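Taking it in order: structure first as structure tokens, then the write-up.
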Amino acid sequence: MRDRLAALSSDPVARLRGWPRVALAFTAGATATLAMPPLHLVPALWVAFPMLLWLLDGCTRRRDVALVGWAFGFGHFATGFFWIANAFYVDAEMFGAFAVPAVGALSAAFGLFGAGAALAVRWFDPEIDAMPDDRAVAFAFRAAAFAIAWAALEWVRGWLLSGFPWNPMASVWSAWPAAIQVTALIGTLGLSFLTVLAASLAAVLGPAPRLARARWIAAVPLFALAAMTAAGAARVSGAAEATVAGVKLRLVQPNIPQADKWRPGLREQHLTDYIALSRAAPEAGITHVIWGEAAVAFALDRDQPRRRAAAAIVPPGGALIAGIPRADRNALGLDAIYNSLVVIDDAADVRAIYDKIHLVPFGEYMPLRGLIPFRKLTEGTMDFSAGTVRGAIAAPGLPPFGPLI
């Protein structure tokens, strides 16, 4: 049936061949990125994913399916990973020339996830062969196979090479708190699956001859998303007024340029700036202070004098939650450094530590270290090690919370 569908298709997209097909797949993948933060142009998904399925409809060979899927993934990740290039320009003289090749190679490698999702559509085609010659049904099955594969491969991305789960499809809804409440039941991967399924099912509207059935197939997941958003809105209603009694946070950001952050002669001043900003307006009734990721260049968990200086800004019964570099032994017993969060109480005691689990390639570690003879792009010659311990943190005066770096 696969070949018959391709042959009978009047869709000009399915009839594309060669580089025009690959270029359109790349463009469709890039279009899907428009739905991601910070733009949140979610309707772009209803263009990108149907376009991919229409392109796959014209593929009669497995290698063509893989190439189209890879081009889609390459376009999607290249436009989503562009920010990684910023790490190369911190020391532009040494690393700037590698920014485009490195990010391009990383995006091309991640494009294999797109190829995997496309091949899953091909793998499900035998099931479609048993269906009546109804192209709406055929595309519905393909959309379901694609959505399952996409969500499964997002899970793989979260673990492979320490995990880099950047831009899960569920994040397109992050601008609307009501829309993401369903993740409390089905998780991020579940919402990614529903999002990809809803957008992909719009493919039935293109080539399907039975328009009434096609419209219903395309509309049902939209109703489901709308219902979940309505339930989410009810769940968060009144959340703006639902605060924890006796807790008032202060987030400190001194806007230190990245190029100056790790300079030895400025590190002490940076710590002084953080302390001064944390002490400002004492009448505000602050109970807890938060310094962001890698806020200071000192390992406050071991540096007792500087930890005591930092703890001086902690209100009685409160805590400082700070991002720091941390040195320790890893699970293999080797010396390692971590990008960590530390909780310090008003007595300058360390109450909790969390080590970042998902590291940024190039900036925090060099992927395929044995093949790439360069150090990571941030300060220091050692790669960061990935943390292994997950779970909620208990801090003085706060309810348990999940750290996020």
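Bear in mind that the values in this text are calculations on the coordinates, not laboratory data. Owing to the predicted nature of the structure, the values given are computational and were not obtained by experimental measurement. Heads up, the Cβs are rebuilt from the backbone with ideal geometry, glycines too, and the neighbour counts pull from every protein chain shown.
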> When DSSP beta bridges are limited to those with both residues in the stretch 246-352, what percentage is antiparallel, rounded to the nearest 5?
Replying inline: 65
>> Given R₀ = 25 Å, what would the calculated FRET efficiency be for Ala347 paired with Val247, taking r from the Cβ atoms and rounding to 0.05?
In response: 0.85
>> Nearest 500 deg cm²/dmol is fine: what mean residue ellipticity at 222 nm does the chain get from its DSSP H runs of n ≥ 4 alone, each adding -39,500 (n - 2.57), divided by its residue count?
In response: -15000 deg cm²/dmol
>> For a Förster distance of 41 Å, can you work out the FRET efficiency between the beta-carbons of Val236 and Tyr89, rounded to the nearest 0.05?
In response: 0.55
>> If exposed means no more than 16 neighbouring beta carbons inside 10 Å and the site is in a DSSP loop, what's the longest run of the chain without any exposed chymotrypsin sites (Phe, Trp or Tyr not before Pro)?
In response: 160-373
>> Once the cut-off is 27 Å, how many percent of the Cα-Cα pairs in the chain end up in the long-distance tail?
In response: 59
> How many nm separate the modelled label positions at Ala276 and Arg62, each set 7 Å beyond the Cα in the direction of the Cβ?
Replying inline: 6.6
> Two-decimal Rg/Rh of the stretch 204-300 from alpha-carbon positions, Kirkwood Rh?
Replying inline: 1.35
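How many percent of DSSP beta bridges within the chain run antiparallel, rounded to 5?
Around 65 percent of the beta bridges assigned by DSSP in the chain are antiparallel ones.
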> Of all the Cα-Cα pairs you can form in the stretch 158-198, what percent are over 11 Å apart?
Replying inline: 65
> Which is the longest part of the chain that has none of the trypsin sites (Lys or Arg not before Pro) sitting in a DSSP loop with at most 16 other Cβ atoms within 10 Å?
Replying inline: 62-209
> Taking the Cα centre of the chain as the origin, how large is its charge dipole in debye, to the nearest 20, when only Lys and Arg (+1) and Asp and Glu (-1) carry charge on their Cβ atoms?
Replying inline: 700
>> Along the Cα→Cβ direction, 7 angstrom out, place labels at Ile186 and Val156. What is the inter-label distance in nm?
In response: 2.2
> Say each of Thr27 and Ala327 gets a label point 7 Å from the Cα, pointing the same way as Cα to Cβ; how far apart are those two points in nm?
Replying inline: 5.4
>> Could you work out how much longer the chain between Ala175 and Arg215 gets when fully extended? Use 0.36 nm per residue separation minus the Cα distance between them, nm to one decimal.
In response: 11.6 nm
